[in-house]
Each structure stands twice: as structure tokens, then as C-alpha cells.
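Visitor: If you scroll down you'll find the structure; I have some questions about it.
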Amino acid sequence: VTEVIEKEFSEKIETYGTAVSNKTKSFRIKKEDLIGELKLNNDYVKKGDVIIKLKSGDVVAPFNGVLGYTGLTEDIFVSDNIFIITLDDNSVIFSDIKVPESYAPFIKKGLPVETKVSSYGNKIFKGEVDFISSRINADTRSLLSRIKIKNEDLELLSGSLLEMTVKFNLRKSL
């Protein structure tokens, strides 16, 4: 007796992209306006939480997200008295990719995408094609497409290099 197993077959496009947060908000803070000391440890905040207490009024989170500095250490400020912090909603990550013109007829909204990040080894993050441009870029001969990846565990960080595989021409066979 032989067991019959159904398998999924597809063609694929392998490409790279940069992770972009669903939402990002930057806050410029004057050092002398700060009440107490500011310590950010990639804290998760909820919409409506007080992010920073200032003499001029509290800064409140406009959405859920992770707090951090914008490429700055605690010793480096934009000027002597200003620093910048960010709030990133990484619950969904987007990435724009350029699909070669020859593959344009196969790219459809909703196609599955498998994403890897070198820091997570072979772990696969599932996503899909979320948007497709209406025209081919004449300079690059490519079709701009946006990939959407659910990131409920907040493992993917904005700015990460993503290795993506777009699956198309999906079919199942025995």
C-alpha cells in the first residue's frame, strides 16, 4: 500500500526588501523640558499611555508601539538641548519590492510571500502581496509591489533586510 500525499507546487520570485513599520511617529524633545530622567529600553506602550512627562505637558502615545531612540545614543543629541525618540507600530511590516517586468503578468494581490531575516535563521514569516503599481517603471523595467507581513510577536524590526520569496502559479497535485 502506498500513501498518496497532496503537494503544493509553485513558481517563485526571490528578492530583497527593507522592513518598514506600519506607523512611525518621531518626537523632538528639549532636554530642559524633561521632568526627570529619560530611559528607553524598547518599551512597549499602548495608545493613550504617557510616553514622557514634560514641563510643557505630557507626550501621549497616539497608537500602540515600541519606543526607541532614532539612531542616537544617550550621549548624542540633535543639538545641545534636543533629542529625538520614536514610536513604531511594528505589528504589521511593509516592504516595497521591484518585480522584473517579465513577471508582471503573474503578480496578483494576495499572492503568498515567505520572508526570512538573517537574525532568525530559517524562520519563515508569512505575508502577502498587498499592492501592485499600475505601471512598469521605464527606468528599471520593474513593477513596484508592496508586501504586507503580520508581525504579532514584534520580531521583525523596521529597517531590517528581508529575504522574500513571492509564490505564484500555485497548484496542488497528488
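The values are calculated or read from the model by the stated rules, or taken from the named source; none is laboratory data. Here the structure is a predicted model, which means the values were calculated and not measured. Cβ placement follows ideal geometry from the backbone for every residue including glycine, while neighbour counts extend to all protein chains displayed. Note: areas computed on protein heavy atoms with side chains; ligands, DNA, RNA excluded. Shrake-Rupley method; radii C 1.70, N 1.55, O 1.52, S 1.80 Å.
Visitor: At 1.4 Å probe size, with the rest of the protein present, what percent of the exposed accessible area of the chain is carbon and sulfur atoms?
Guide: Values: 5450 of 11210 Å².
Carbon-and-sulfur percentage of accessible area, whole number: 49.
Visitor: Over the chain, with a Gaussian network built from C-alpha contacts below 10 Å, which listed residue (Ser21, Ser95, Ser56) shows the highest mean-square fluctuation?
Guide: Ser56
Visitor: A further question follows. By its C-alpha gyration tensor, with a ≥ b ≥ c as the square roots of the eigenvalues, how is segment 105-174 shaped: rounded for a/c under 1.5, else prolate for a/b larger than b/c, else oblate? Don't skip to the end; give the middle numbers.
Guide: Working: a/c = 2.10, a/b = 1.28, b/c = 1.65.
Cα axes put segment 105-174 in the oblate bin.
Visitor: Between Glu155 and Val1, 0.36 nm times their residue separation minus their Cα-Cα distance comes to what?
Guide: Details: separation 154, 0.36 × 154 = 55.44 nm, distance 4.43 nm.
Length difference between fully extended and current span is 51.0 nm.
Visitor: Next up: Specify which residue in the list Asn169, Ser142, Ser118 is farthest towards the positive end of the charge dipole of segment 114-174, using unit charges on the beta carbon of Lys, Arg (+1) and Asp, Glu (-1), about the Cα centre.
Guide: Farthest along the dipole direction, towards plus: Asn169.
Visitor: Which order do Lys167, Lys47, Lys25, Lys53 take when ranked by solvent-accessible area (1.4 Å probe, heavy atoms of all protein chains), largest first? Numbers along the way, then the final one.
Guide: Details: Lys167 45, Lys47 145, Lys25 90, Lys53 115 Å².
Listed by decreasing accessible area, they come as Lys47, Lys53, Lys25, Lys167.
Visitor: I've got another one for you. Just to be sure I understand: with springs between alpha-carbon atoms less than 10 Å apart, which residue in Glu37, Glu128, Glu11 has the highest mean-square fluctuation in the Gaussian network model of the chain?
Guide: Comparing Glu37, Glu128, Glu11 in a Gaussian network model of the chain, the most mobile one is Glu37.
Visitor: Determine Rg/Rh for segment 118-157; Rg is computed over alpha-carbon atoms and Rh is the Kirkwood hydrodynamic estimate from the same atoms. Walk me through the numbers on the way to the answer.
Guide: On the way: Rg = 14.0 Å, Rh = 12.4 Å.
That ratio is 1.13, to two decimals.
Visitor: Ignoring ligands, DNA and RNA, what accessible area per residue does segment 134-174 give at 1.4 Å, in Å²? Please report the intermediate quantities before stating the final value.
Guide: Details: 2700 Å² over 41 residues.
Ligands and nucleic acids excluded, the figure is 66 Å² per residue.
Visitor: Which aspartates and glutamates have a Cα lying under 20 Å from the Cα of Lys109, excluding residues fewer than 8 positions away in the same chain?
Guide: Once the sequence-local aspartates and glutamates are set aside, what remains near Lys109 is Glu8, Glu11, Glu14, Asp96, Glu101, Glu128, Asp130, Glu163.
Visitor: Mind ordering 121-127, 96-102 by average Cβ neighbours within 10 Å, highest first? Provide the component values of the computation, followed by the final result.
Guide: Working: 121-127: 12.6, 96-102: 15.4.
Put in order of decreasing packing, that is 96-102, 121-127.
Visitor: HN-Hα J couplings of segment 138-149 from phi, Karplus 6.51/-1.76/1.60, θ = phi - 60°, integer Hz, Gly and Pro as x?
Guide: Karplus values, whole Hz, x for Gly and Pro: 5, 6, 9, 6, 9, 10, 6, 9, 10, 9, 10, 10.
Visitor: Can you compute the radius of gyration and Dmax for the chain, using only the Cα atoms, both in Å?
Guide: Rg, Dmax (Cα atoms, Å): 21.2, 79.
Visitor: OK, next. Where the only charges are on Cβ atoms (+1 Lys, Arg; -1 Asp, Glu), what is the dipole of the chain about its Cα centre, to the nearest 20 debye? Before the final figure, lay out each step's value.
Guide: Values: 26 positive and 26 negative charges, 124 e Å.
Once rounded to the nearest 20, the dipole reads 600 debye.
Visitor: Okay, moving on. How much length is gained on full extension from Lys53 to Ser118, taking 0.36 nm per residue of separation minus their Cα-Cα distance?
Guide: Values: separation 65, 0.36 × 65 = 23.40 nm, distance 3.76 nm.
Fully extending the segment from Lys53 to Ser118 adds 19.6 nm.
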